[in-house]
1. For region 17-28, what are the residues that are among the β-branched types (Val, Ile, Thr) and over 14 Å from the mean Cα position of the chain (by Cα)?
2. May I ask you to list the residues in region 37-75 that are among the hydrophobic types (A, V, I, L, M, F, W, C) and in contact with a Ser or Thr (Cβ under 6 Å, 6 or more places away or on another chain)?
3. Among the strands (runs of 3 or more DSSP E) lying completely within region 62-117, list those that include at least 2 residues that are under 10 Å from the mean Cα position of the chain (by Cα) and free of Cβ contacts under 8 Å to residues at least 40 places away in the same chain.
4. Can you tell me how many residues within region 49-74 are in contact with a strand residue (DSSP E or B) (Cβ under 7 Å, 6 or more places away or on another chain) and more than 15 Å from Arg105 (Cβ to Cβ)?
5. Mind counting the residues in region 29-55 that are buried (at least 16 other Cβ atoms within 10 Å of the Cβ) and either more than 13 Å from the chain's Cα centre (by Cα) or not in a loop (DSSP other than H, G, I, E, B) (or both)?
6. How many residues, within region 1-28, are in a strand (DSSP E or B) and either exposed (fewer than 13 other Cβ atoms within 10 Å of the Cβ) or touching a Pro at 6+ places or on another chain (Cβ under 9 Å) (or both)?
7. Which of the residues belonging to region 56-77 are surrounded by fewer than 21 Cβ atoms within 10 Å (Cβ to Cβ) and among the β-branched types (Val, Ile, Thr)?
Amino acid sequence: MKAVNVTRNALLGDGVLTARTSRERARGLLGTGKLPRGGGLWIVPCRSIHSFGMRYEFDALFLDRNGKIVGAHPRFRRNRISWIFWKAKGVLELPAGTIDRTATRVGDEVVFQTARGGSG
């Protein structure tokens, strides 16, 4: 699916996958070698993340139930734990540099769209 920052009219990713089950959420991006540009992972529900065992940095956007960004970690480094974002519904993990490239900020609104253009 696509993730679009509608506040900035910026495409965050057009190959975003979703992790909803306990197993998918626990695995996250672990074991992957790289997150390609346009790729991403929407982990829901999720209020905090870690990067223990990760091989690379990535960007993380914490979204509330309305898609508003309530927390952001550009270039989240390996072997770290994020703050807990109590208002977050989930986290959108993106390739490192996506937040800066798209000028995405806390308070912006993110919308998910399926390949057919509907909300996801």
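Just so it is clear, none of the values below were taken in a lab; they were calculated from the coordinates. Bear in mind that the values here come from a model prediction, so they are computed numbers and not experimental data. Every residue, glycine among them, receives a Cβ derived from its backbone with ideal geometry; neighbour counts consider all protein chains shown.
1. Selection gives Thr21 alone.
2. Trp42, Ile49
3. Hits in region 62-117: 69-76.
4. 5
5. 7
6. Within region 1-28, residues that are in a strand (DSSP E or B) and either exposed (fewer than 13 other Cβ atoms within 10 Å of the Cβ) or touching a Pro at 6+ places or on another chain (Cβ under 9 Å) (or both) number 2.
7. Val70
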